[in-house]
Amino acid sequence: MKHLLAALCLGAVASFAAHAEIAQKFGDVEIHYNALSTEDLLPEVARSYKIERSKTRGILTLSILKRNKLGALNPVPGKLAVYLVNPQQQLANIDMREVREGTAIYYLGEFRVTPPETLNFTASVEVEAEPKREIKFKQKFYK
């Protein structure tokens, strides 16, 4: 299953919302992220990560990459604080869990969604020896 969920999630957003930015760069650090309905996950992928597939559940994936001395990007761990705001201006924290598969490190968090609606996400990301970074993005859920 190595990298399967991350690839699936990044590919799904690219196909559903090609206009959406899925990475932000901060010098040597890149933060890649994606939010989609858990219903879009393949049943076997959802099962292996203990994710409930539903029209009213969403999943956020986030990974942090840092450029090494040779210029290659490598996954690095970080401290995350993530929340969303729905159209009614209600705030909800998203608990993110770290997943490590081989050299890959990524974070998964589930949340409620009531399609059709657009959710506003904010993530505060801390990486060792780097300043705290914040990313913000919107995601429309159609189903």
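The values are calculated or read from the model by the stated rules, or taken from the named source; none is laboratory data. Here the structure is a predicted model, which is why all the values come from computation and not from measurement. Note that each Cβ is placed from the backbone with ideal geometry, even for glycine, and that neighbours are counted across all protein chains shown.
Which one of the conditions (1) more than 25 Å from residue 56 (Cβ to Cβ); (2) free of Cβ contacts under 8 Å to residues at least 24 places away in the same chain; (3) surrounded by 12 or more Cβ atoms within 10 Å (Cβ to Cβ) does residue 138 fail to meet, given that it meets all the rest?
Exception for residue 138: condition (1).
Residue 128 is checked against (1) at pLDDT below 95; (2) of a type in the set (Asp, Glu); (3) surrounded by 15 or more Cβ atoms within 10 Å (Cβ to Cβ) and fails just one. What number does that condition carry?
(3)
If a residue has to be within 17 Å of residue 136 (Cα to Cα) and among the charged types (D, E, K, R) to count, how many in the range 64-104 make the cut?
Of the residues in the range 64-104, 2 are within 17 Å of residue 136 (Cα to Cα) and among the charged types (D, E, K, R).
Hey, among the residues in the range 80-103 that are in contact (Cβ under 8 Å) with a residue 60 or more places away in the chain and assigned to a strand (DSSP E or B), which one's nearest to residue 58 (Cα to Cα)?
Here the residue is 99.
Hey, does the range 33-44 have a residue that's aromatic (Phe, Trp, Tyr), at pLDDT 95 or above and within 23 Å of residue 119 (Cβ to Cβ)?
yes
Rundown of residues vs (1) closer than 30 Å to residue 27 by Cβ; (2) assigned to a loop (DSSP other than H, G, I, E, B); (3) of a type in the set (S, T, N, Q), yes/no style:
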position: 61; (1), (2), (3): yes, no, yes
position: 64; (1), (2), (3): yes, no, no
position: 106; (1), (2), (3): yes, no, no
position: 110; (1), (2), (3): no, no, no
position: 139; (1), (2), (3): yes, no, yes
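What number of residues in the range 27-71 are closer than 29 Å to residue 130 by Cβ, out of contact with any helix residue (DSSP H, G or I) (no Cβ under 9 Å at 6 or more places or on another chain) and either surrounded by fewer than 18 Cβ atoms within 10 Å (Cβ to Cβ) or of a type in the set (Gly, Ala, Ser) (or both)?
Residues that pass the stated criteria total 8.
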